[in-house]
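The values are calculated or read from the model by the stated rules, or taken from the named source; none is laboratory data. Computed from a predicted structure; not experimentally measured. Positions of Cβ are backbone-derived with ideal geometry, glycine not excepted, and every protein chain shown enters the neighbour counts. Side chains included, ligands, DNA and RNA excluded: accessible areas come from the protein's heavy atoms. Shrake-Rupley method; radii C 1.70, N 1.55, O 1.52, S 1.80 Å.
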Amino acid sequence: AVRLRVREALGAREPADAVRVQGWVRSVRSQKEVLFLHINDGSSLESLQVVADPSLEKRDLTFGSAVEVQGKLVKSPHRMQNMELQAETIRVVGPCDIWSFPLKAKERHPLEYLRQFPHLRCRNNTLGALLRIRSEATAGIHSFFQDNGYVHIHTPIITSNDCEGAGELFQVEVSWAKESAEKTHFFNVPAFLTVSGQLHLEVMAGAFTHVFTFGPTFRAENSQSRRHLAEFYMVEAELSFTERLQDIMQVMEDLFKTVTSTVLSKCPQDVALFRKYIAPAQKVMHVTGKNCNPVILSSSSCRISYSEAVEILKQAPQTFTFKPEWGCDLQTEHEKYLVKHCGEVPVFVVNYPYDLKPFYMRDNEDGPQHTVAAVDLLVPGVGELCGGSLREERLPFLESRLQRLGLTDAYQWYLDLRKFGSVPHGGFGMGFERYLQYILGVDNIKDVIPFPRFSHSCLL
């Protein structure tokens, strides 16, 4: 028998005499003259209907059990499905105790309930749909950069650099060093889990004009809020010979549009599930004919300066928890208001205060309010999605700033990049989970990761 995935069986155009399908039972319905099963193997949201003689029913053929079915693939008489499997043999590979199994048939479990079972929740339709979307979005991101001539770089996960300068780092320690009276570092210097691959990408941007990385990053922020993760994935890119912030913004927008189009074309049913049950009121997407398109794909983005943003916030009719003042960072409540003020379209905020941003951002040499060439992309429902800047390529400017910050020795290697063939360049980073949160309308960012780490039952 030819082995078929459920997705392949559902999409088959012609019947087949001998096929084999493996998966997990989603429903069992036994009638006097016929036995109906629906099985799913994770390849699609839709399950494959299996029609069998009641004599093939077994005691351990239950919801959640793993099965292997052999038989004939035939046209289904029902309008809602293309093909069904007429079973000749059904083998239960792995039984499932339905009384203790926390997921129940024909029950729509809330996401809050599913977080209690991180090792089992992927068997739920919603989380299964999410993981397929994550997979296609990941492939779409790589395709976008490869198609546009970027070189993929694997940046270090363990590093001594604090790229963001916020100090929210996980320090890496060796077990034998804790027990030793002599305090030594494994790498001779303190090491941390990376918060960004940007600085390493800048090294590579000195040899390749376009580079990107896509990997795990870590923030030791003391927060268990609905929008923070300790471990998340970051898409980052650096572009050499780039003198305009507009060029960085264009890549941000092109990346988002291209990847989102890929997700919508490859996972229409999975996205529709979120639109129907998870975020029915979310207006991130609208339907045109048979195609579902995000607003960002058809709407023009808005561009404002940081100074303009602060003035808008000061004149807002609502009271903010954090009072907007020039020189202070924009909070999530500020970002969401700015998006609303601009008509619920993506908003680029540019030219942030010099003292607010890290040392590597390019000095605009303006006054009296000193700013740097930085940009954040704000989107509805989430706030900041992407952040980037032109990098300071001028050696005297960079030397002066690092000296004032007392970081000259630590970043001598970074100064070397400006001594040997320095060029104007810039880059940006996009939080992958925030991207998924936005296009799917999910309220809690912990619901877009495979394994939530705060659960007591998580085995990781």
Practice problem: For region 88-95, take each phi angle, set θ = phi - 60°, evaluate the Karplus expression 6.51 cos²θ - 1.76 cosθ + 1.60, and give the result in whole Hz per residue in order, putting x for glycine and proline. | Solution: 10, 9, 10, 10, 7, 7, x, x
Practice problem: With a 1.4 Å probe and every protein chain left in place, work out the accessible area per residue of the chain in Å², rounded to a whole number. | Solution: 50 Å²
Quiz item: Which lysines, on any chain, are close to Lys276 with Cα under 16 Å apart, when same-chain ones fewer than 8 places away are left out?
Solution: Lys290
Exercise. Could you tell me what percent of the accessible area of region 399-441 is made up of carbon and sulfur, with a 1.4 Å probe and every protein chain present?
Key: 52 percent
Quiz item: Counting only residues 5 or more places away or on other chains, whose amide H sits under 5 Å from the amide H of Met83 once H atoms are built in the peptide plane?
Solution: Ser76
Self-check item: Cα-centred dipole magnitude for the chain, charges only on beta-carbon of K, R (+1) and D, E (-1), debye, nearest 20
Solution: 1960 debye
Quiz item: Relative to the compact globular guide of 2.2 N^0.38 Å, what is the alpha carbon radius of gyration of region 25-87, as a ratio?
Solution: 1.06
Quiz item: Where Rh is the Kirkwood radius over the Cα pairs of region 365-436, the temperature 37 °C and the viscosity 0.692 mPa s, what D in µm²/s does Stokes-Einstein return?
Solution: 228 µm²/s
Practice problem: Mind pulling the angle between the C-alpha long axis of helix 332-341 and the longest principal axis of the chain? Nearest 10 degrees, somewhere in 0 to 90. | Solution: 80 degrees
Self-check item: Solvent-accessible area, 1.4 Å probe, carbon plus sulfur percent, for region 1-95
Solution: 48 percent
Quiz prompt | Within region 2-106: Cβ-based charge dipole about Cα centre, in debye rounded to nearest 20 (Lys, Arg +1; Asp, Glu -1) | solution = 240 debye
Exercise. Report ³J(HN,Hα) in whole Hz for each residue of region 409-424, in order, from the Karplus equation J = 6.51 cos²θ - 1.76 cosθ + 1.60 where θ = phi - 60°; Gly and Pro get x.
Key: 5, 5, 10, 4, 5, 5, 5, 4, 4, 8, 8, 10, x, 5, 9, x
Exercise. Putting +1 on Lys and Arg Cβ atoms and -1 on Asp and Glu Cβ atoms, find which of Ser44, Ala18, Leu395 reaches farthest to the positive end of the dipole of the chain.
Key: Ala18
Practice problem: Give the Kirkwood hydrodynamic radius (Å, one decimal) of the chain, defined as one over the mean of 1/r across all pairs of different Cα atoms. | Solution: 25.2 Å
Quiz item: Once the other residues with Cβ under 14 Å from the Cβ of Gly206 are scored (Lys, Arg +1; Asp, Glu -1), what is the net sum?
Solution: -1
Quiz item: Using the alpha-carbon atoms, what tilt in degrees (0 to 90, nearest 10) does helix 125-147 show relative to the longest principal axis of the chain?
Solution: 50 degrees
Practice problem: Have a look at Gln318, Phe420, Thr194 and report the one farthest towards the positive end of the charge dipole of the chain, computed about the Cα centre with Cβ charges (Lys/Arg +1, Asp/Glu -1). | Solution: Gln318
Exercise. If a/c stays under 1.5 just call it rounded; otherwise compare a/b with b/c (prolate if a/b is bigger, oblate if not). Do that for region 2-106, with a ≥ b ≥ c from the square roots of the Cα gyration tensor eigenvalues.
Key: prolate
Practice problem: Would you mind checking the tilt of helix 395-405 against the longest principal axis of the Cα atoms of the chain, expressed as 0 to 90 degrees and rounded to 10? | Solution: 90 degrees
